[in-house]
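Here's the structure, in structure tokens; my notes come after.
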Amino acid sequence: MAMVKNVVTSGVFELDGGKWDVDNNVWLVGDDREVLVIDAAHDAEAIAEAVGDRAVRGIVCTHAHNDHVNAAPELAERTGAPILLHPDDRVLWDLTHPDRAPDAELADGQVLKIGGTGLKVLHTPGHAPGAVCLYAEELGIVFTGDTLFHGGPGATGRSYSDYPTIVRSIRERLFALPGTTTVHTGHGESTTIAEEKATSGGWD
């Protein structure tokens with residue numbers, strides 16, 4: 001069964017002419033031979049160090065805001081791994097990497113296999129059009145990027161985002177998961193589906 005490791009990297013989020021200093025969660029899922037990298041943020045060197053001598057089978061983007069993908073091409077070059085992105089987020093990807101396309105498209109319902117464990121792709125638009133979450137049922141974990149945080153939905157005040165859409169994605173896709181499911185987020189601390197469901201009454 002796969003194991004999960006967290007690497008926190010720091011950098012700048014840029015969109016709509018604004019800049020914000022951010023700390024990002026990079027998640028490594030795999031065993032002692034192979035790994036998937038979820039959200040290659042800011043620092044390819046730090047991520048590669050955490051990977052060690054394992055084979056990187058894919059660099060999975062939960063969405064294409066620059067702070068989640070800015071280290072992806074360099075990490076891909078270092079490891080030979082393909083970059084995977086939902087096609088609806090290509091418009092955001094091109095803002096950061098206009099000369100380097102992703103290698104493969106993520107699709108809702110697709111299952112990525114790593115270290116004997118499956119990660120199911122859940123398309124959860126709202127924070128970004130092509131935002132996805134990755135559900136590892138065997139591990140009791142969902143990786144939510146910036147769709148769901150400890151304390152509620154991800155931000156929707158900038159281009160290509162929409163509040164009613166993100167709330168619908170969370171209620172229909174994520175809240176359908178078992179309450180005990182651990183939520184590993186793109187920024188900040190982890191939470192559970194039950195904890196976020198319990199405090200979601202005032203979202204609408």
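Throughout, read-outs are computed from the coordinates displayed, never taken from laboratory work. Quick caveat, the model's predicted, so the values are computed rather than measured. Using ideal geometry, Cβ is built from the backbone for each residue, glycine included, and neighbour counts are taken over all protein chains shown.
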(message) Please report the spacing between the Cα centers of segment 28-80 and segment 128-204 in Å, no decimals.
(response) 22
(request) Report the extension gain between R158 and D99 in nm, rounded to one decimal, defined as 0.36 nm multiplied by the number of residues separating them, less their alpha carbon distance. (result) 18.9 nm
(message) Over 5 Å intervals from 0, what percent of Cα-Cα pairs in the chain sits in each interval?
(response) 1, 8, 17, 22, 22, 16, 9, 3, 1, 0
(request) Among the aspartates and glutamates, select those whose C-alpha is under 16 Å from the C-alpha of K113, and discard any that sit fewer than 8 residues away in the same chain. (result) D31, D32, E34, E105, E137, E138
(request) Indicate, rounded to the nearest 5 percent, the antiparallel portion of the DSSP beta bridges found entirely in segment 3-198. (result) 70
(request) Just check segment 89-192 against the gyration tensor rule for me: Cα atoms, a ≥ b ≥ c as the square roots of the eigenvalues, rounded for a/c under 1.5, and otherwise prolate or oblate depending on whether a/b exceeds b/c. (result) oblate
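With +1 on each Lys and Arg Cβ and -1 on each Asp and Glu Cβ, and nothing else charged, work out how big the dipole of segment 3-198 is about its Cα centre, in Debye to the nearest 20.
Dipole magnitude for segment 3-198 comes out near 500 debye.
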(request) Would you mind counting up the charge near I47? Only other residues with Cβ under 11 Å from its Cβ, with Lys and Arg at +1 and Asp and Glu at -1. (result) -3
